[in-house]
Amino acid sequence: MEFVVDTYQPMRLCENAKFRKLLEAHNSEAHHIDRETLRNMIRQEATSLRAVCVEACKRQHLAITTDCWTSVANESYISLTAHFIDENWKLTELDLCCDPFPGSHIAPVIAAKVQELHLKFGITDEQVVCCVTDNEPTNNAAADSMSYEWIGCVDHLVELTTGIAFNGIGTSDVMSKCRKLVGHFTSSSQAQEALERIQLATHQEPLKVVQDVATRWWSTHSMVHRLLKLESDICQMAIKNKRVADLNLSVTEWAEVKVLDALLEPFMGIQKFLEGSYVTIAHVPSVVIAMRNILNNFPVNDDTENVLSKMKMQFNQRWGSGVEGSVWREHFTRGPRNIRKGIPKVVLLAAAVDPRFKHLNGIPSADKVQITNVNFK
């Protein structure tokens, strides 16, 4: 059973003649089971583990994460994960469920389903410190029906800002050309081998192009960064290869890609950091301040003015202006598509009680007073 579950094997494996022969080779007295028996064993184990999860969640203060999606088989699901620090100060994550979720996914339905899942695992609203989801407007609206605080995924909010640089007006065309150029090498082993030969001729360690992936947000920067490393090799290859010459970027486009790479490299580092398997909530105010400084201090010229202005507008719409007196109260207002704006209250409080960030460096004095009054009054 454990082998089938851990390696995502089909139930029918237990009835496969070759698999049974393998078992008999190790144990001539092995007892074979059919798929229905295996299915029942898995259900019993799931029931047992669900009871363990219910017991583990008792009397804990929980942060929950939930998400809805549709599979490639066009079937809808909802997940629920509980996060807490146990009595041994160990960060614990329990993947409570991944349940079918057919029907309409409007805000009241999502809120009701999350509440249903809470009851299923014996979780009360009083236990929940906050709920984290992506920033899809329906999730934001569903949060209005919850009695605890909702936080939109910070990494997702960063992506909404950096995405302008990759897909905004004036840059989408050059990014499309980058993807076509990368696609040529990823779809042709001969083209990739020719590129490697050019690199070997100049005593370089051969590198391959990197294809960006929609579900890995910083992967577009990785694609651009790798292309820049291969720029001279690709241009050399274009001299003799008409197909590469047709796909190759112009001198102006290569210069534009270099600007985007320099602008977005620190944002990629921030996104990768926030994707880590450790607690990052107390870091968020510092991360927001760092991103604001990057956008405000990046050199402005004809190549960067348009992208920077659009990124700054998007950033301020999501995180607020950061001016004196606005940081504490900004989250009580709404930004585009009715999404909560600014740094959430619980995030500011988490930073204030964390010894590493207790001085709240970078946050205006008036807002520090508001935050510390909540903590220590």
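Just a few scattered comments:
- When Asp144, Asp125, Asp155 are checked against the criterion of being among the acidic types (Asp, Glu) and in contact with a His (Cβ under 9 Å, 6 or more places away or on another chain), Asp125 stands alone in meeting it.
- Search result, residues across region 23-66 that are over 23 Å from Gln9 (Cα atoms), of a type outside the set (D, E, K, R) and touching a residue at least 40 places away in the same chain (Cβ under 8 Å): Cys53, Val54, Cys57, Gln60, His61, Leu62, Ala63, Ile64, Thr65, Thr66
- Selection within region 317-328 - in contact with a Gly (Cβ under 8 Å, 6 or more places away or on another chain) and free of Cβ contacts under 8 Å to residues at least 40 places away in the same chain: Gln317, Gly320
- Every pair of residues 6+ apart whose Cβ atoms lie under 8 Å, when the first sits in region 290-304 and is among the charged types (D, E, K, R) while the second is crowded, with 18+ Cβ neighbours inside 10 Å: Arg292/Phe315; Arg292/Trp319; Arg292/Gly322; Asp303/Glu256; Asp303/Val259
- Exactly one residue out of Glu136, Glu93, Glu116 is loosely packed, with under 13 Cβ neighbours inside 10 Å and closer than 20 Å to Glu275 by Cβ: that is Glu93.
- Residues that are part of a helix (DSSP H, G or I) and without any contact (Cβ under 8 Å) to a residue 12 or more places away in the chain, drawn from region 210-232: Ser219, Ser232
- Criterion applied to Val174, Val158, Val182 was being in contact with a Phe, Trp or Tyr (Cβ under 7 Å, 6 or more places away or on another chain) and assigned to a helix (DSSP H, G or I), and the one residue passing it is Val158.
- Test: residue in region 243-252 that is assigned to a helix (DSSP H, G or I) and in contact (Cβ under 8 Å) with a residue 60 or more places away in the chain: yes
- Pick from region 316-349, criterion under 14 Å from Thr161 (Cβ atoms) and of a type in the set (D, E, K, R), ranking: surrounded by the fewest Cβ atoms within 10 Å (Cβ to Cβ): Lys341
- Filtering Glu55, Glu24 for residues that are under 30 Å from Val109 (Cα atoms) and acidic (Asp, Glu) leaves a single hit, Glu55.
- Considering Glu93, Glu87, Glu116, the condition of being of a type in the set (D, E, K, R) and assigned to a helix (DSSP H, G or I) is satisfied by Glu116 alone.
- Considering Leu80, Leu62, the condition of being modelled with pLDDT of 90 or more and in contact with a Leu (Cβ under 7 Å, 6 or more places away or on another chain) is satisfied by Leu80 alone.
- Condition check for Glu205: over 26 Å from the mean Cα position of the chain (by Cα) and modelled with pLDDT under 95: yes
- Yes/no for Asp125 being of a type outside the set (Gly, Ala, Ser), exposed (fewer than 13 other Cβ atoms within 10 Å of the Cβ), without any contact (Cβ under 8 Å) to a residue 60 or more places away in the chain and under 20 Å from Ala51 (Cβ atoms): no
- Sole residue being part of a helix (DSSP H, G or I) and either closer than 29 Å to Ile164 by Cα or outside the structural domain of Met175 (by TED's automatic domain parsing) (or both), chosen from Lys312, Lys358: Lys312
- Scanning region 334-355 for residues that are free of Cβ contacts under 8 Å to residues at least 12 places away in the same chain and either in a helix (DSSP H, G or I) or out of contact with any strand residue (DSSP E or B) (no Cβ under 8 Å at 6 or more places or on another chain) (or both) yields a total of 1.
- Options Ile164, Ile110: the member that is surrounded by 15 or more Cβ atoms within 10 Å (Cβ to Cβ), out of contact with any His (no Cβ under 8 Å at 6 or more places or on another chain), assigned to a helix (DSSP H, G or I) and modelled with pLDDT of 90 or more: Ile110
- Residue match in region 42-65 (condition: among the hydroxyl-bearing types (Ser, Thr, Tyr), in a loop (DSSP other than H, G, I, E, B), in contact with a strand residue (DSSP E or B) (Cβ under 7 Å, 6 or more places away or on another chain) and closer than 30 Å to Tyr278 by Cβ): no
- Thr220 falls short of the stated requirement of being polar (S, T, N, Q) and over 21 Å from Gly269 (Cα atoms).
- Scanning region 282-307 for residues being touching a helix residue (DSSP H, G or I) at 6+ places or on another chain (Cβ under 8 Å) and either modelled with pLDDT of 90 or more or of a type in the set (Gly, Ala, Ser) (or both) gives a total of 14.
The values are calculated or read from the model by the stated rules, or taken from the named source; none is laboratory data. This one's a predicted model, so the numbers in the text were calculated from it and none came from an experiment. Every residue, glycine as well, gets a Cβ built from its backbone with ideal geometry; the counts of neighbours run over all protein chains shown.
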